[in-house]
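Reviewing the structure listed below.
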Amino acid sequence: MALDAPLVAVLVSAFAMTAIVGVRYLLTSGLFAWITARVRPGHYKGLDRQIRGEIAWSLASAAIYGIPSGVVAWGWREHGWTRIYTDVHDRPLWWLPVSVLVYLLLHDTWFYWTHRWMHRPRVFRIAHAVHHASRPPTAWAAMSFHPVEALTGAVVIPALVLLVPIHVGALGVVLTIMTVMGITNHMGWEMFPRALVHSPLGRWLITASHHQRHHESYRCNYGLYFRHWDHLCGTDAGLSQAFSRP
Ligand SMILES: [Zn+2]
Ligand SMILES: [Zn+2]
């Protein structure tokens, strides 16, 4: 039986997006692993086996991320499904930076609550133990998720582009921040200057020093980009001591 043309087009789009997400992961995690080897030689010593696992889980996650985004990308091209726009003058210019912030805040909120849910003991064993099997995490752990956890992450951006208007360039900024922070928060050292991390602004932003503490202590520091949910809900345990410099 021959597949009909729209179905083939959806499958091709999903496959292409999976390949893009997978290659993006390998290149960006590879880049930060390479930088880590330069600035912190021997930092991942003895972790080869763990890293192979992180890469395998991450590539499986790439398919789970690629499928919904491929379907939505096809719907955007063929049927104008999404609220993505390409002419900056379609909306006020102030919406460009504000839309980036709105996307990050909504993603962060979704992440905080689904992440807390995944720390319930029964759910943890099924959905989230894979991510915490990285002890300590490395730059390759950015997408090291069980398929259930990957699914909770994979639906966010495809759902948001259906609902909240965003310029294609601003969406690129959101995806870049998502990719870079996902990697650097796991790479085992702090790349941001101490003056920022320990500043009043740093009290509201999540970098490696904060997420590392989550991987050390588990039941705290659940946020993704911002610390306001952790502060509001009493789950903020501060920064990892392992990163504090003399
Ligand atoms: Zn993590
Ligand atoms: Zn966790």
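Throughout, read-outs are computed from the coordinates displayed, never taken from laboratory work. Treat the numbers as computed from the prediction; the structure is a model and nothing was measured. Here the Cβ is made from the backbone with ideal geometry for all residues, glycine too, and neighbour counts use every protein chain on show.
Using amide H atoms built 1.01 Å from N in the peptide plane, name the residues 5+ places from Tyr85, or on other chains, whose amide H lies under 5 Å from its own.
Sorted by chain and number, the residues that satisfy this are Ile166, His167, Val168.
With axes computed from alpha carbons, what is the tilt in degrees of helix 168-184 against the longest principal axis of the chain, rounded to the nearest 10 within 0 to 90?
30 degrees
Return the loop-located trypsin sites (Lys or Arg not before Pro) in the stretch 49-157 (DSSP other than H, G, I, E, B) with at most 16 other Cβ atoms within 10 Å of their own Cβ; answer none if there are none.
Working: sites: Arg49, Arg52, Arg77, Arg83, Arg116, Arg122, Arg125; in loops: Arg83.
Counting only loop positions with at most 16 other Cβ atoms within 10 Å, the trypsin sites (Lys or Arg not before Pro) in the stretch 49-157 are Arg83.
Over the stretch 5-233, consider all pairs of different Cα atoms and compute the Kirkwood hydrodynamic radius from their mean reciprocal separation; express it in Å, one decimal.
It is 18.5 Å.
So which chymotrypsin sites (Phe, Trp or Tyr not before Pro) in the stretch 81-161 are both in a DSSP loop and have at most 12 other Cβ atoms within 10 Å of their Cβ?
Those that pass, being in a loop and sparsely packed, are Trp94.
Give me the number: length gained by fully extending Leu232 to Val39, i.e. 0.36 nm times residue separation minus the C-alpha to C-alpha distance, one decimal in nm.
Additional length available on full extension: 65.9 nm.
Skipping prolines and chain starts, which residues have an amide H placed within reach, meaning under 5 Å, of the one on Leu205, given they are 5 or more residues away or on another chain?
Residues meeting the amide H criterion: Arg227.
Compute the relative contact order of the stretch 5-233 as a whole-number percentage, counting only Cα pairs closer than 8 Å that sit 6 or more residues apart in sequence.
26 percent
How compact is the stretch 167-246 by the rule of thumb for globular proteins, expressed as Cα Rg over 2.2 N^0.38 Å? Please report the intermediate quantities before stating the final value.
Values: Rg = 12.9 Å, N = 80, 2.2 N^0.38 = 11.6 Å.
Its radius of gyration relative to the 2.2 N^0.38 Å reference: 1.11.
Just subtract the alpha-carbon distance of Ile177 and Ser199 from 0.36 nm times their residue separation and send over the number in nm, one decimal.
Value of the extension gain: 5.9 nm.
Would you mind checking the tilt of helix 95-118 against the longest principal axis of the Cα atoms of the chain, expressed as 0 to 90 degrees and rounded to 10?
Helix 95-118 sits roughly 60 degrees off the main axis of the chain.
Could you derive backbone 3J(HN,Hα) for the stretch 145-155 from the dihedral phi with the Karplus parameters 6.51, -1.76 and 1.60 (θ = phi - 60°), listing whole Hz in sequence and x where the residue is Gly or Pro?
So the Karplus estimates, Gly and Pro as x, are 10, 5, x, 5, 5, 4, 4, 5, x, 5, 7 Hz.
Can you work out the PRE-style zone for Leu96? Point 7 Å along Cα to Cβ, and I want the residues of the stretch 172-192 with backbone N under 12 Å.
Under 12 Å, as judged by backbone N against the label point of Leu96, lie 173 of the stretch 172-192.
May I ask for the equivalent-ellipsoid semi-axes of the stretch 26-70, computed as the square root of five times each C-alpha gyration tensor eigenvalue and listed largest first in whole Å? All intermediate terms of the calculation are to be shown ahead of the outcome.
Numbers: eigenvalues 130, 35, 4 Å².
Square roots of five times the eigenvalues give 26, 13, 5 Å.
Once you put a point 7 Å from the Cα of Val12 and another 7 Å from the Cα of Arg49, both along the Cβ direction, what distance in nm separates them?
Label at Val12, label at Arg49, 4.5 nm between them.
Taking the 0 to 90 degree range and rounding to the nearest ten, how far is the long axis of helix 48-79 tilted relative to the main principal axis of the chain, both from C-alpha atoms?
That works out to roughly 30 degrees.
In the stretch 153-174, whose amide N lies under 15 Å from the spot 7 Å out along Cα-to-Cβ of Asp87? List them in ranges.
Of the residues in the stretch 153-174, 167-168 have backbone N under 15 Å from the label point off Asp87.
Using amide H atoms built in the peptide plane, which far-off residues or other-chain residues are under 5 Å from Asn221 H to H?
Asp236, Ala237
Rounded to the nearest 0.05, what FRET efficiency is calculated for Tyr218 and Ala242 with R0 set to 22 Å and r the Cβ-Cβ distance?
0.90
Per DSSP H run of at least 4 residues, take -39500 (n - 2.57); add these up for the chain, divide by its residues and hand me the 222 nm value, nearest 500 deg cm²/dmol. If you can, show how the numbers build up before the last one.
Details: 10 runs with 147 residues, N = 246.
For the chain, the value works out to -19500 deg cm²/dmol.
What list of ³J(HN,Hα) couplings, whole Hz, do you get for the stretch 131-143 from phi and the Karplus terms 6.51, -1.76, 1.60, once you set θ to phi - 60° and write x for glycine and proline?
Working through the residues one at a time gives 5, 7, 5, 7, 9, x, x, 10, 4, 7, 8, 4, 10 Hz.
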